[in-house]
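Asker: Here it is, the structure in full.
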Protein chains: 2
Amino acid sequence: MPELRLISLGGMGNVTQNMYVYEYDNEMLLVDCGIGFPDLHMPGVDVLIPDISYIQDKLSEGKKIVGMILTHGHDDHIGALPYLLPDLPKFPLFASPLTAGFARNRMRETGADRSIQVLASGEKVEISQYFSAESLAMTHSVPDTRHYAIFTPEGIIYHGSDFKLDQAPVDGVLPDYDNIEAVARQEVLCMLIDSLRVERDNWTKSESLVGPVIDRLMSDTRGMFIMTLMSSHIHRIQQTVDAAIKHHRKIVFIGRSVEQNVDVAIELGKLSIPKGSMLDKREINDHKDSSLCIIIAGSQGQEGSSLMRAVYGEHPVLQIRSQDKVVFSADAIPGNEINYYGAIDELCRNDVQVIYPDVEPDIHQSGHASAPEQQELLDLVRPDYVMPIGGADRHRTKFFEKVARPLNYDKAHVLRPAMGEVLSFSQGKARVSETINLAPRLVDGLGVGDVGPMVLSDRRALSQSGMIVLVLPRHRGEFDLHQLQIVSRGFVFMKEADEVISFIKQTVAETIAEAGQKMKDEELKRTLERRLSRKLYKVIQREPMITVVFVET
Amino acid sequence: MPELRLISLGGMGNVTQNMYVYEYDNEMLLVDCGIGFPDLHMPGVDVLIPDISYIQDKLSEGKKIVGMILTHGHDDHIGALPYLLPDLPKFPLFASPLTAGFARNRMRETGADRSIQVLASGEKVEISQYFSAESLAMTHSVPDTRHYAIFTPEGIIYHGSDFKLDQAPVDGVLPDYDNIEAVARQEVLCMLIDSLRVERDNWTKSESLVGPVIDRLMSDTRGMFIMTLMSSHIHRIQQTVDAAIKHHRKIVFIGRSVEQNVDVAIELGKLSIPKGSMLDKREINDHKDSSLCIIIAGSQGQEGSSLMRAVYGEHPVLQIRSQDKVVFSADAIPGNEINYYGAIDELCRNDVQVIYPDVEPDIHQSGHASAPEQQELLDLVRPDYVMPIGGADRHRTKFFEKVARPLNYDKAHVLRPAMGEVLSFSQGKARVSETINLAPRLVDGLGVGDVGPMVLSDRRALSQSGMIVLVLPRHRGEFDLHQLQIVSRGFVFMKEADEVISFIKQTVAETIAEAGQKMKDEELKRTLERRLSRKLYKVIQREPMITVVFVET
């Protein structure tokens, strides 16, 4: 008897790297294909991409991918497309108009271009023998976000990724309550639901409340009004555009990601800017500062972003002056406070007026549902099982306590599989049927997957105390200690470290005298490395990586 | 004419590393002696300590240190004592009882022990010919916090470091309004004031509101009640102790910093624990879990802390089980979210109930004054000049906008000197008279100051892409390419990197063939390093540190 299998390839308890496999018999349906972001334990890593070896194994067993559904246009849901599609056979993709537009942009950059079938809200598509899916409009911090009802031989799975229940969305497109209710009436076996903001008890405020704040902040700006935000946040861009037009300011977009997304959104009719109200960034110095509204990328203070170049006076066209106002319409991403507040502090030092959520809370509203909204949607769909996704383990736990248990879900019906656990649904029952090994692949520069745990652990060690390489010549079995060369980086400033150098030389000499004849090369190298490491730690409490090289002369 | 000079050695726009010099004629009075904490741009660094070279220069010019005042017992105000006192001549120290107790503990560890004169609130001490100081009780997240009125020949400086205006302090010791008003009546020339929490508009809640929350959380705990908090937070420890006694739980302190601080506080009568209600940690397994209240260090999820060892099942006496409740009575320090939430997530994975401020906001209250409290104190003291301290540049800016300007202070009277700027007060006027060079000293292991910008920049580079060392033997002017040795760490996993190795060999061979005869050694090494670096970046977009070593054979 085949059963429905559900696997999160990006791991459970992860907010990013979203990628799900629905598997039935010989068919696999994929949902999302997102990147993750490295934390400080992964130095040098650019992005993380989901581990698709499970899919590749199944393909080699003769199973096939029948399609991929994309829920919305954020990079943690579509950003891995250019990395992963080249490694996979062709299959149809499904998305909303804007999501498809953003995804095409991502794919185009790397030649992984595939056609995407665009679905309207409420549209149901037969994907394969076993799977069909219905697209359901939902509100989030990017327009055209969708939830999907996935129809399988074992029942309906409601795939409820990132959302909020915005009662006054900027584009007027409310969550598709009618069709969601219709799906709920057919009985939903399991609902996956965004749990990220479960810690909050107040209904997340509507995005449309940001507009009046932008308007007010713009009204008393003497110089340029400079707005920085997530580049995919088309609704907030729309509200900024609307305020700019009211205040007779021309709109200028700066930054590759903002410019690209705006182009796509305009083309698809998702962003409306009256003719003649936009300026090319190269024209800004021909206009008075007080007639300009700049919308610029770099709201996290990212090194090298357009905003940061402007903040440090290195931008080719944008100079920020003290009569300008810079508005950060974004919270710091946890872990990124140093860059984010660093940008704000630098602007303050230059006497520029800066607005950010800590001093103007309503200049940013979250795109995620709080606990009561999660509960409202859960209550609407009323599945047999519910599975919190899109959050860390604490969010999944709090989802059970705050959202599901009050609606009489017991622990067995709130599914919280661990990393790599495969859920199987059969005859209305869910169970963990298997645990697969998942290792996110790390992208560093153009290399994918060649940076593993060993390389990362070396990088961490190198960053803590640097490294020392000892090059020791040997002639006919005799080491020439006078020719010992010591190369060091990141350890101490060696030009001033005579003491350390002579200490190293002495330790090497002693070790060689004692053990040089008795040991084989590899053993002797390890002994030198270990002994030097221990002695250095005693003297200075640091542990540089030590490597010994013998050279035969 | 001598003037009063005021210098922040820990830099302005810094929250930590507090250390101020008041200088008049040949006298220097110091206030605080705190450490700072490295950010992610300073890998491997343990702590930062203020740059005292300014003091040392003045000492060598024949000036003297007449004393040091300590405002309160937090490490960013007293933690640098053991590092700096050994480098300075003897002088008297002044502090409140608990601050003196904590400071003595810090000093004892390193043999920098000095006697400290304890001052009661309202007590005024003549320190030297030019300086006297009055101690003023203030509320903060450690008991016995003080502000000081510093009497100088140019007038009174109100030194208002970290504080809140707690109207219901746990120990009943209110801010010393009477004496503050008496000081204010004598006309204050300049007030230094904690601006850290200026972004907040609501009066910071009283610490005493935490007690009832602890009580409520304890009342429905089935297993152990485990509380983790800042180890100096004696008032919160007191409230936890009170709840434990009410709920018939024995109190157990775990963690060196908690145990030490508790000992000092009990000895000084600042913490009251009834006889027989404390247990030694080695006894906990002789008692029922439901009769225990554990107070443990590690509220930031610090690696190696007592709490973290318990979380990962590595603590010798404390095992956390699913019926226990773990309460984080502390916010994540910005930048430390990964460790902090990592601890919470791990406990959630183990099905332990975890309480933290995101889900129970009143389990932690800040020790810092919000904007209206800052304004109240400013209005009470009404100095000619005011200087926001204890915050970043954005806080100093917002202090001017939100706190001082509404009380009719103009820009010229809100002093915001830049890093290293020396303020001079003369005949009632303040001006920046000099800029000195300040470089915080970095402590790494037992080394102080030997890790500088160059070493840090190497560590950052090493952490991003690792390193490659090429060892190239040469015999009578001819390089032996067959004996080329490549040592690499943190770059790629070399055992699987045949391609990279052969690519490196080829580049070296080409470069030597082309330039080997023409260039001197250093030039040739640099050329090899540069060329290899550029080529590797083209191929794989990584920039490992490359070092070439020649060995004569």
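Readers should treat all values here as calculations from the given coordinates under stated rules, not as data from a laboratory. Predicted model, so just to flag it, every value in this text is computed and none were measured. Methodologically, a virtual Cβ is constructed for each residue, glycine included, from the backbone with ideal geometry; neighbour enumeration extends over all protein chains shown.
Asker: Just to confirm the numbers: B:Glu109, label point 7 angstrom along the Cα-Cβ line, distances to the other copies in nm, shortest first?
Answerer: Those label-point separations list as 4.6 nm.
Asker: Additional query: Past 23 Å, Cα to Cα: identify those pairs from A:Lys64/A:Lys164; A:Lys520/B:Lys525; A:Lys281/B:Lys535; B:Lys64/B:Lys124; B:Lys58/B:Lys164; A:Lys288/B:Lys402, in the order given. Intermediate results must be reported in sequence, preceding the final value.
Answerer: On the way: A:Lys64/A:Lys164 34 Å; A:Lys520/B:Lys525 31 Å; A:Lys281/B:Lys535 34 Å; B:Lys64/B:Lys124 21 Å; B:Lys58/B:Lys164 35 Å; A:Lys288/B:Lys402 29 Å.
From A:Lys64/A:Lys164; A:Lys520/B:Lys525; A:Lys281/B:Lys535; B:Lys64/B:Lys124; B:Lys58/B:Lys164; A:Lys288/B:Lys402, over 23 Å: A:Lys64/A:Lys164; A:Lys520/B:Lys525; A:Lys281/B:Lys535; B:Lys58/B:Lys164; A:Lys288/B:Lys402.
Asker: Another question about this same structure. Within the range B:303-397, which GluC sites (Glu not before Pro) sit in a loop by DSSP and count at most 16 neighbouring Cβ atoms inside 10 Å? Walk me through the numbers before you get to the answer.
Answerer: Numbers: sites: B:Glu303, B:Glu314, B:Glu337, B:Glu346, B:Glu373, B:Glu376; in loops: B:Glu303, B:Glu314.
Answer by residue number: B:Glu303, B:Glu314.
Asker: Further question on the same structure: What nm value, rounded to one decimal, do you get for the distance between A:Val539 and A:Arg185 when each label is placed 7 Å out toward the C-beta?
Answerer: 8.2
Asker: To the nearest 500 deg cm²/dmol, what mean residue ellipticity at 222 nm is calculated for the protein assembly as shown from DSSP H runs of n ≥ 4 alone, each contributing -39,500 (n - 2.57), summed and divided by the residues? Don't jump to the answer; show the numbers that get you there.
Answerer: Working: 30 runs with 318 residues, N = 1106.
Counting only the DSSP helices, I get -8500 deg cm²/dmol.
Asker: Note the full-extension length gain between B:Arg405 and B:His287 as 0.36 nm times their separation in residues minus their Cα-Cα distance, in nm to one decimal.
Answerer: Values: separation 118, 0.36 × 118 = 42.48 nm, distance 5.89 nm.
Contour length minus Cα-Cα distance gives 36.6 nm.
Asker: Now, a different point. Go ahead and run the numbers for FRET between B:Asp362 and B:Glu478, Cβ-Cβ distance against an R0 of 60 Å, rounding to 0.05. Present the calculation step by step, with values, prior to reporting the outcome.
Answerer: Values: r = 77 Å, r/R0 = 1.28.
Plugging the Cβ-Cβ distance into 1/(1 + (r/R0)^6) gives 0.20.
Asker: Right, here's the next one. Residues of B:381-393, mean number of Cβ from any other protein chain within 10 Å of their own Cβ, rounded to a whole number?
Answerer: Details: counts 0, 0, 0, 0, 0, 0, 0, 0, 0, 0, 1, 6, 10.
Mean number of neighbouring Cβ atoms from other chains: 1.
Asker: Another question about this same structure. Go from 0 up to the bin containing the longest alpha carbon distance in chain A, width 10 Å each, and give me the % of pairs per bin.
Answerer: With a bin width of 10 Å, the distribution comes to 3, 16, 22, 20, 15, 12, 8, 3, 0.
Asker: If a/c stays under 1.5 just call it rounded; otherwise compare a/b with b/c (prolate if a/b is bigger, oblate if not). Do that for the range B:207-361, with a ≥ b ≥ c from the square roots of the Cα gyration tensor eigenvalues. Show your work: numbers first, answer last.
Answerer: Values: a/c = 1.34, a/b = 1.23, b/c = 1.09.
Rounded is the answer for the range B:207-361, as its axis ratio a/c remains below 1.5.
Asker: Taking each residue of A:345-352 in turn, how many C-beta atoms of other protein chains fall within 10 Å of its C-beta, and what is the average? Please list the in-between numbers first.
Answerer: Details: counts 8, 2, 3, 10, 9, 1, 3, 1.
Partner Cβ neighbours, averaged per residue: 5.
Asker: Using the Karplus curve 6.51 cos²θ - 1.76 cosθ + 1.60 with θ = phi - 60°, what ³J(HN,Hα) values do you get for each residue of the range B:311-316, in whole Hz, with x for Gly and Pro?
Answerer: 4, 8, x, 10, 8, x
Asker: What does the copy distance list look like for B:Gly172, label position 7 Å along Cα→Cβ, in nm and ordered from shortest?
Answerer: 6.7
Asker: Related question: Please compute, for peptide B:196-207, the average count of beta-carbon atoms on other protein chains lying within 10 Å of each residue's beta-carbon.
Answerer: Working: counts 0, 0, 2, 6, 2, 2, 0, 0, 0, 0, 0, 0.
The shielding value for this peptide is 1.
Asker: Would you mind putting A:377-387, A:289-299 in packing order, based on average other-beta-carbon counts within 10 Å, highest first? Walk me through the numbers before you get to the answer.
Answerer: Working: A:377-387: 20.4, A:289-299: 23.1.
Put in order of decreasing packing, that is A:289-299, A:377-387.
Asker: Next question, about the same structure. The range B:1-89: which GluC sites (Glu not before Pro) are DSSP loop and have at most 11 other beta-carbon atoms within 10 angstrom? Write out the running numbers ahead of the final one.
Answerer: Numbers: sites: B:Glu3, B:Glu23, B:Glu27, B:Glu61; in loops: B:Glu3, B:Glu61.
Here the GluC sites (Glu not before Pro) that fit, given the DSSP loop and packing criteria, are B:Glu61.
Asker: Could I ask something else about it? What Rg and what Dmax come out for the range A:27-66 when only alpha-carbon atoms are used, in angstroms?
Answerer: 13.8, 40
Asker: Tell me which residues come under 5 Å, amide H to amide H, from B:Met227 once H is placed; ignore anything under 5 positions away on its chain.
Answerer: Close amide H contacts, sequence-distant or interchain: B:Ile294, B:Ile295, B:Ile296, B:Val327.
Asker: In Å³ and rounded to a whole number, note down the convex hull volume per residue for the Cα atoms of the protein assembly as shown. Kindly include the intermediate steps, with their values, before the conclusion.
Answerer: Details: hull volume 227.3 nm³, N = 1106.
Cα-based convex hull of the protein assembly as shown, divided per residue, equals 205 Å³.
Asker: If the label for B:Pro316 sits 7 angstrom from Cα along the Cα-to-Cβ line, what are its distances to the same label in every other copy, in nm to one decimal, shortest first?
Answerer: Reported distances to equivalent positions: 6.5 nm.
Asker: What base-10 log of the normalised intensity I(q)/I(0) is obtained for the range A:452-552 from the Debye formula, alpha carbons as equal point scatterers, at q = 0.15, 0.16 Å⁻¹?
Answerer: Listed by q, the Debye log ratios stand at -0.61, -0.69.
Asker: OK, next. Among A:428-438, B:4-14, how do they line up from the highest to the lowest mean number of other beta-carbon atoms within 10 Å? Numbers along the way, then the final one.
Answerer: Values: A:428-438: 13.7, B:4-14: 23.5.
Averaged packing, sorted descending, gives the order B:4-14, A:428-438.
Asker: Something else about it: Suppose we take every Cα in the range B:125-263 and form the convex hull; what volume per residue is that in Å³? The partial results should precede the final answer.
Answerer: Numbers: hull volume 20.1 nm³, N = 139.
Hull volume normalised by residue count: 145 Å³.
Asker: Sorted by mean Cβ packing within 10 Å, highest first, what order do the peptides A:393-403, B:315-325 take?
Answerer: The densest-packed peptide leads the list: A:393-403, B:315-325.
Asker: Now, a different point. Checking the cross-link filter: which aspartates and glutamates have an alpha carbon closer than 15 Å to that of B:Lys429, excluding same-chain neighbours under 8 positions apart?
Answerer: Excluding near neighbours in sequence, the set is B:Glu3, B:Glu154, B:Glu187, B:Asp384, B:Asp410.
Asker: If we count other beta carbons within 10 Å of each Cβ, what is the order of B:Val414, A:Val183, fewest first? The partial results should precede the final answer.
Answerer: Working: B:Val414 19, A:Val183 24.
The fewest-first ordering by Cβ neighbours comes to B:Val414, A:Val183.
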